[in-house]
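Enquirer: This is the structure I want to talk about, given as structure tokens.
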Amino acid sequence: IGNSYFYRTPVSEVITAALPNTLQMNVIALFLIYAIAIPLGVVSAVKQYSKLDYAVTGLAFAGQAAPNFWIATLLIWGVALNSGGAIPTNGIATPGVNFETYGWVSVIADRAKYMILPLIVIVFSGLTGLTRYMRSSMLEVLKEDYIRTARAKGLAQKMVIYKHALRNAMLPIVAISGGLLSSLVGGSVIIETIFSWPGIGRVGFDAVIQRDYNVSMAIMLMSSVLTLVGFLLVDMAYVWIDPRIKYD
């Protein structure tokens, strides 16, 4: 791939140094997004037109309307600046805090406090859209004839929802998840730049500003590969979710 014009080192070293930092934050964020959004969407659909449904829907619309940089700025102004320095606004770790001196518990706690604000922004922005998708998909499935038949047979509500409806409602959610791996790179640009998080997003932003073409092309290539891998994983997940799909 060549050398970086800005960092004066091989592009591979620049990528491998920044990629773990991006994965560290975004893997946790993706787990929290799905762990929160799917149950919220299911409950919102099951309790349609209830106060909870209106609250979840309103929160989802507000989250989609609010830009990432605006939420990040509000958190820095309203939370970090009033925390007395307990919640940092930039960086990834306190200088000098390492495993050899402080132990792994102190290091993880130190890293966690730096991750709080960017993690909140990513999770809130990501779960709002996914919650709406989950709610819409669940509402469509609950109207199907086989759900009505399952209820007519006297099956418990939990079994109808979580065994029969949820599995089919997950198909559209899996379908839109193919681009999530590439979004780990592209979606981190704003957040990593605002919070000075040394990840791929910030490296890509600096590469564009500094006209570091080799790094820019390497990141775009990596995003393309991650997109292909993501949709491959989606196809594999279809087989597990929907038994009607078979790959010979």
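The values are calculated or read from the model by the stated rules, or taken from the named source; none is laboratory data. In this text, all values refer to a predicted model and were calculated from it rather than measured experimentally. All Cβ positions, glycine included, derive from the backbone under ideal geometry; neighbour counts span all protein chains shown. Just the protein is used for accessible areas: all its heavy atoms, side chains included, with ligands, DNA and RNA removed. Shrake-Rupley method; radii C 1.70, N 1.55, O 1.52, S 1.80 Å.
Enquirer: I need every pair where a residue in region 7-29 that is hydroxyl-bearing (S, T, Y) has its Cβ under 7 Å from the Cβ of a residue that is outside any loop (DSSP other than H, G, I, E, B) and open to solvent by 20 Å² or more (accessible area, probe 1.4 Å), sequence separation at least 6 or different chains.
Expert: Sorted first by the residue in region 7-29, then by its partner, the pairs are T9/N3.
Enquirer: Taking the stated definitions as given, is S188 open to solvent by 20 Å² or more (accessible area, probe 1.4 Å) and of a type in the set (S, T, N, Q)?
Expert: Details: open to solvent by 20 Å² or more (accessible area, probe 1.4 Å): no; of a type in the set (S, T, N, Q): yes.
Criteria not met by S188.
Enquirer: Limited to region 163-209, what total is found for residues that are among the polar types (S, T, N, Q), more than 16 Å from the chain's Cα centre (by Cα) and more than 20 Å from F6 (Cβ to Cβ)?
Expert: Applying the first criterion (among the polar types (S, T, N, Q)) to region 163-209 yields 168, 177, 182-183, 188, 193, 196.
Okay, now just the ones that are also more than 16 Å from the chain's Cα centre (by Cα), so 168, 193, 196.
This time we only want the ones that are more than 20 Å from F6 (Cβ to Cβ), so: 168.
Selection size over region 163-209: 1.
Enquirer: What are the residues in region 137-157 that are exposed (fewer than 15 other Cβ atoms within 10 Å of the Cβ) and small (G, A, S), if any?
Expert: A152, G154, A156 - these are the residues of region 137-157 that are exposed (fewer than 15 other Cβ atoms within 10 Å of the Cβ) and small (G, A, S).
Enquirer: Take S125 and tell me if it is open to solvent by 30 Å² or more (accessible area, probe 1.4 Å), touching a residue at least 12 places away in the same chain (Cβ under 8 Å) and part of a helix (DSSP H, G or I).
Expert: Details: open to solvent by 30 Å² or more (accessible area, probe 1.4 Å): yes; touching a residue at least 12 places away in the same chain (Cβ under 8 Å): yes; part of a helix (DSSP H, G or I): yes.
Criteria met by S125.
Enquirer: Which one of these is within 24 Å of I173 (Cα to Cα), in a helix (DSSP H, G or I), in contact (Cβ under 8 Å) with a residue 60 or more places away in the chain and not polar (S, T, N, Q): A55, A60? Spell out the reasoning first.
Expert: On the way: A55 fails: in contact (Cβ under 8 Å) with a residue 60 or more places away in the chain.
Answer to the check: A60.
Enquirer: Go through (1) closer than 17 Å to S177 by Cβ; (2) modelled with pLDDT under 90 and name the single condition G41 misses.
Expert: The failed condition is (2).
Enquirer: Being among the hydrophobic types (A, V, I, L, M, F, W, C) and surrounded by 13 or more Cβ atoms within 10 Å (Cβ to Cβ) is true for just one of V225, V160, V239. Which residue is that?
Expert: Working: V225 fails: surrounded by 13 or more Cβ atoms within 10 Å (Cβ to Cβ); V239 fails: surrounded by 13 or more Cβ atoms within 10 Å (Cβ to Cβ).
That would be V160, the only listed residue that is among the hydrophobic types (A, V, I, L, M, F, W, C) and surrounded by 13 or more Cβ atoms within 10 Å (Cβ to Cβ).
Enquirer: Oh, and also: Does region 75-91 contain any residue that is open to solvent by 20 Å² or more (accessible area, probe 1.4 Å), in a helix (DSSP H, G or I), touching a Gly at 6+ places or on another chain (Cβ under 7 Å) and at pLDDT below 90?
Expert: There is no residue in region 75-91 that is open to solvent by 20 Å² or more (accessible area, probe 1.4 Å), in a helix (DSSP H, G or I), touching a Gly at 6+ places or on another chain (Cβ under 7 Å) and at pLDDT below 90.
Enquirer: Out of region 31-52, which residues are touching a residue at least 12 places away in the same chain (Cβ under 8 Å) and either of a type in the set (G, A, S) or open to solvent by less than 40 Å² (accessible area, probe 1.4 Å) (or both)? Step through it out loud before you land on a result.
Expert: The first filter runs over region 31-52 and keeps only residues touching a residue at least 12 places away in the same chain (Cβ under 8 Å), leaving 32-34, 36-38, 40-46, 48.
The answer is I33, A37, I38, G41, V42, S44, A45.
Enquirer: Sticking with this structure for a sec: Taking the options A207, A169, name whichever one is assigned to a helix (DSSP H, G or I) and farther than 30 Å from A45 by Cβ. Steps first, answer last, please.
Expert: Numbers: A169 fails: farther than 30 Å from A45 by Cβ.
Testing whether each residue is assigned to a helix (DSSP H, G or I) and farther than 30 Å from A45 by Cβ leaves just A207.
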